[in-house]
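K.L.:
Let me give you the structure first, and then I'll get to my questions.
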Amino acid sequence: MSKPSQTLSAWNKLNSKPLGKWLFSHLVSLKAPYFFSIGGKFKELRPGYCEVHLKKRRKVHNHIGTVHAIAICNLAELVAGTITDATVPADTHRWIPKAMSVEYLAKAKTNLHAIAKFDPMPVFEGDFELPVTVNVYDSNDQIVFRALITMWITERKKNSKTVKRLTPGLKFKSD
């Protein structure tokens, strides 16, 4: 069994505690500060599944009073990145977003919840693209948005040394 990511370990420690989900949501946003802009709250996280809720409020509105398209894109990226981080074996692989395509299916007039799930679970061998579908639903469970975010998964190099010099003459404290 592989080692869980720091993100999944933090979720497992916090989610059942009072204010634990709130604290976890804030910790993720501290790691990637742009996510603070939407104020998403994690409801569930496990390898292969992630759900985040977004409250419809003024800071995420567009000019017509619905949830702004870019706020929903931000929500989708939060969910896709977190499910990937919770699912990828942290000791053998790493990941980074590579591409994103989106579909706006209906006006987002209510609170939203975004869900991503892997079924079947991916097999982690070598380097590969991992498609993550994120569906965003309104309070009536109508799908209002869909994103396909492609993650680039690579194997961690065994016994590789970190490159300390990016530019000749540039020195780091560890030199």
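K.L.:
Filter segment 38-52 for residues that are of a type outside the set (Lys, Arg) and open to solvent by 60 Å² or more (accessible area, probe 1.4 Å); which is nearest to residue 28 (Cα to Cα)?
P.N.:
Looking at the filtered set, the residue picked out is 44.
K.L.:
State all residues of segment 140-155 that are surrounded by fewer than 21 Cβ atoms within 10 Å (Cβ to Cβ) and of a type in the set (Phe, Trp, Tyr); if no residue qualifies, say none.
P.N.:
152
K.L.:
Residues that are exposed (fewer than 13 other Cβ atoms within 10 Å of the Cβ), over 24 Å from residue 29 (Cβ atoms) and at pLDDT 95 or above: does segment 90-103 have at least one?
P.N.:
Within segment 90-103, one or more residues are exposed (fewer than 13 other Cβ atoms within 10 Å of the Cβ), over 24 Å from residue 29 (Cβ atoms) and at pLDDT 95 or above.
K.L.:
Going through 66, 110, 87 one at a time, which residue ends up being of a type in the set (Ser, Thr, Tyr), within 17 Å of the chain's Cα centre (by Cα) and open to solvent by less than 60 Å² (accessible area, probe 1.4 Å)? Even if it seems obvious, please write down each step before you answer.
P.N.:
Values: 66 fails: within 17 Å of the chain's Cα centre (by Cα); 110 fails: within 17 Å of the chain's Cα centre (by Cα).
One residue alone meets the criteria, 87.
K.L.:
Another one. Quick check on segment 1-53: of everything there that is among the charged types (D, E, K, R) and not in a helix (DSSP H, G or I), which residue is farthest from the chain's Cα centre (by Cα)?
P.N.:
Quick first cut of segment 1-53, residues among the charged types (D, E, K, R) only: 3, 13, 17, 21, 31, 41, 43-44, 46, 51.
From the residues that got through so far, the ones that are not in a helix (DSSP H, G or I) too are 3, 17, 41, 43-44, 46, 51.
On the way: 3: 19, 17: 22, 41: 12, 43: 13, 44: 12, 46: 12, 51: 10 Å.
Among them, the one singled out is 17.
K.L.:
Just to be sure I understand the filter: pairs with C-beta atoms under 7 Å, separated by 6 or more residues or on different chains, first member in segment 62-75 and at negative phi, second member of a type in the set (D, E, K, R). Which pairs pass?
P.N.:
Short answer, once both residue conditions are applied: 66/107; 66/109; 67/56.
The values are calculated or read from the model by the stated rules, or taken from the named source; none is laboratory data. Nothing here was measured: the structure is a model prediction, and the numbers come from that model. Heads up, the Cβs are rebuilt from the backbone with ideal geometry, glycines too, and the neighbour counts pull from every protein chain shown. Surface areas here come from the heavy atoms of the whole protein model, side chains and all, with no ligands, DNA or RNA. Shrake-Rupley method; radii C 1.70, N 1.55, O 1.52, S 1.80 Å.
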